[in-house]
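Worksheet: the structure to be examined is printed underneath.
The values are calculated or read from the model by the stated rules, or taken from the named source; none is laboratory data. Bear in mind that the values here come from a model prediction, so they are computed numbers and not experimental data. Cβ atoms come from the backbone with ideal geometry, glycine included; neighbour counts cover every protein chain shown.
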Amino acid sequence: MFGRIWRYIKAVLGFKLDQIEDPEILLQQAQQEMREAQAKNRERAVQAITQKNNLQNLVDQTEKTIANLQAKAELALKNGDRDLARQLLVEKGQYETTLTSTKASLENVVETTEAIKVAIRREEERIRAKTAQALAMKAQWKQAQIETSINKALDGMTTDGTDAAFERAQSKISNARSESAARTELAKGRLENKIAALDDLGASTAADAELAKMEEKLGLRPASTPATTSTTPGHVTSTSEIDRQLQELEARVGGNGTGPSAS
């Protein structure tokens, strides 16, 4: 029971690890991290530009205040109020000190802001390049998956069963053709035997007829009876002629009366 549970846990963990190591998921995570980093950098750039604008406004206001104090000091001095003029100049000096430090800070912020802008542009270019690279890598991964799937399909293909079936079919067809040829040869042999038997029978019948004539000639067989006259006027047929015709008919049909009758 514990072993089955442990195998299940390993299978689940292995599946999760395969998901984590999937190239598409890795690329998506990398792109998401780049977009998040880009958003943070843009926010930093906005803050830096805001600070620069604030410092620029402060410089402008300080310069205006200095110019205003200068004008007031001149006016007080024209009116004979030297103490007021002196006080205004002292205040003007304090603003000038502040203006100097503010301008120094503004210069630093401007340089930083320009550097951030350059970094933002480079980051955008890098993100575009990485996005194109990610698309190419995803296409390569898909292609690799397709090739792997095709190779697995090819590895699983086999022709042993079909070859064996073709061989069995060819063997059966060859046996059938051989059997058909044997039957044809056997049937042809039977027909030739029948024709040979008829030839032998005809030869034997002719030999019997020739032997009968030879016996009559040598007196070993009674001579044929003389011809009788038919009662039908105008038609006379001898008995020997009838016997001869009968012998010839017997020779043609087999001589034993089993053949077909003459029409």
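Per-residue answers, yes or no, for (1) in contact with a helix residue (DSSP H, G or I) (Cβ under 7 Å, 6 or more places away or on another chain); (2) farther than 30 Å from ALA39 by Cα:
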{"site": "ASP60", "(1), (2)": "no, yes"}
{"site": "THR65", "(1), (2)": "yes, yes"}
{"site": "GLU74", "(1), (2)": "no, yes"}
{"site": "GLY93", "(1), (2)": "no, yes"}
{"site": "THR97", "(1), (2)": "no, yes"}
{"site": "LYS103", "(1), (2)": "yes, no"}
{"site": "VAL118", "(1), (2)": "no, no"}
{"site": "ARG122", "(1), (2)": "no, no"}
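Here the stretch 22-40 is the region considered, the condition is being acidic (Asp, Glu) and within 27 Å of the chain's Cα centre (by Cα), and the residue that is surrounded by the fewest Cβ atoms within 10 Å (Cβ to Cβ) is ASP22.
Residues are listed down the side, and each one gets a yes or a no for (1) of a type outside the set (A, V, I, L, M); (2) at pLDDT 90 or above; (3) in a helix (DSSP H, G or I); (4) not assigned by TED's automatic domain parsing to the domain that holds GLU43:
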site	(1), (2), (3), (4)
ASN53	yes, yes, yes, no
THR97	yes, yes, yes, no
ALA104	no, yes, yes, no
VAL109	no, no, yes, no
